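Here the structure comes first, spelled out in structure tokens, and everything after it is commentary.
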């Protein structure tokens, strides 16, 4: 973190003599995540973590909760949508992801990707299966916390 200090003082010594110190602190680095696709990888359906109705659309997120990553390491966003197709694959559903309550991003193809450019600290990744009506389909919202050191 960069900081600078400016000191201003009055040259006359009387009852109103004072010194002013102002500190300027640069804001912390802003996290800018980049989507990375790695050729030759496919989504492998994970084992369901909750009981699943095999006839209903369902979202599975294969990222382990509270997983530790190192600076410079890409975070895999491997997911699987059961009983539904995303728009890019000819269906009516979309996948929305949100990192740390920042701007939401959209996924329209069922292919894994990685996010790079993480800053150190704890982060939250939320995936939502969005139905044709534009709302999360029957509470298909999965949240994972990760830490980058």
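Every read-out reported here was derived from the displayed coordinates using simple, explicitly stated rules and does not represent laboratory data. Computed from a predicted structure; not experimentally measured. Glycine gets a Cβ as well: all are built from the backbone with ideal geometry, and neighbour counts include every protein chain shown.
Overview of values
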| item | result |
| --- | --- |
| The range 55-73 and the range 80-149: distance between their alpha carbon centers, rounded to Å | 10 |
| Neighbour-count order for 138, 30, fewest beta carbons within 10 angstrom listed first | 30, 138 |
| Gain in span if fully extended, residue 89 to residue 104, counting 0.36 nm per residue against the direct Cα distance | 3.3 nm |
